[in-house]
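What follows is a single structure, written as structure tokens, with notes after it.
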């Protein structure tokens, strides 16, 4: 019987290793971890959660929650050190209790929020390279001592899980580096086509338009010539931040190259896109950069707008038409907006 038990444990650990190395997608890794916990604790009264540590805010959030209270836990955040999960994350030590209400570290307000009556708790830290990434927490309605075999398996799972999470995060960072422009912090041109494919697919599926703004800073070379390339690069970053501040959270800002930017406006027709573009133009015209350094740099831009599917039916066409509209502005005085209409571009008078 003992040999059968050991063989079963070994089989579970093999499955853990196999499953957690089958993907490097962070969301998939987190979900697979919780699926494996369900296998280790079949038909039990335990509900499982995986909480990740937000290092910047020093808070834990429920990345994956299973059970009847899962929906209510989505917006819950625990300060580092708060509750049993917070204590485990802060101290990097496991904590097992048969009755959470007898433990002064237990955060009762979470039960009051969810309506779940917690009794037994088993909480294990996810540690990689000496750093706590989060915790795995199991809670049960009945006072129940976790078995030694279950504890060992849970410990082994958290070790594997921490490595898998660290690897997935590393891959995520590498992906970010390949799609983020290092000067402005905006998306780069490499990622532009992926974004456009996504928006075209969404537009066709839901029968909604989206618009694209192509803009080029006016006389940017003179900024470099007058103040140097370092100030020029900093100006690009400041302009990028200004655009992001003016846009909705669903909009995309991309540095296309040099001093050219592209903005994608999902679910936005031409009239609405023109209003957005006018707002961007006013904000940029009014902005004075590097005042604290007594430089007082100002810059304007030339803008072109195109809309899918009215003006073009593919990503190359939508960029080309907005680009042509922008160049029409360049040829006729700069610091204005032109829109594409029926394959042609026309200047739109704007309010200063």
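Throughout, read-outs are computed from the coordinates displayed, never taken from laboratory work. Source: prediction; values computed, not measured. Here Cβ is always computed from backbone atoms with ideal geometry, including for glycine, and neighbour counts include all displayed protein chains.
A few points about this structure:
- FRET efficiency estimate (nearest 0.05) - Cβ-Cβ, residue 57 to residue 112, R0 25 angstrom: 0.65
- Principal-axis analysis of the Cα atoms of the chain puts helix 315-331 at an angle of about 40° to the longest axis.
- Mean separation of Cα pairs under 8 Å and 6 or more residues apart, divided by the residue count, gives the stretch 187-348 a relative contact order of 26 percent.
- Estimated from the Cβ-Cβ distance and a Förster radius of 51 angstrom, the FRET efficiency linking residue 99 and residue 245 is about 0.50.
- Relative packing of 196-207, 57-68, 84-95, which averages over residues the other C-beta atoms within 10 Å, highest first: 84-95, 57-68, 196-207
- Our summary gives the chain a relative contact order of 12 percent, counting only alpha carbon pairs under 8 angstrom and 6 or more residues apart.
- Each residue in 307, 226, 184, 249 was given a count of other beta-carbon atoms within 10 angstrom of its own, and listing them fewest first yields 249, 226, 184, 307.
- Which of 291, 260, 56, 35 has the fewest Cβ neighbours within 10 Å, and the rest in rising order: 56, 291, 35, 260
- Spin-label pair residue 39/residue 141, simplified geometry with 7 Å Cα→Cβ offset, distance in nm: 2.7
- The long axis of helix 2-20 is offset from the longest Cα principal axis of the chain by roughly 0 degrees.
- Structure-based [θ]222 nm, the chain - -39500 (n - 2.57) summed over DSSP H runs of at least 4, per residue, nearest 500: -15000 deg cm²/dmol
- Subtracting the Cα-Cα distance of residue 300 and residue 320 from their residue separation scaled by 0.36 nm leaves 5.0 nm.
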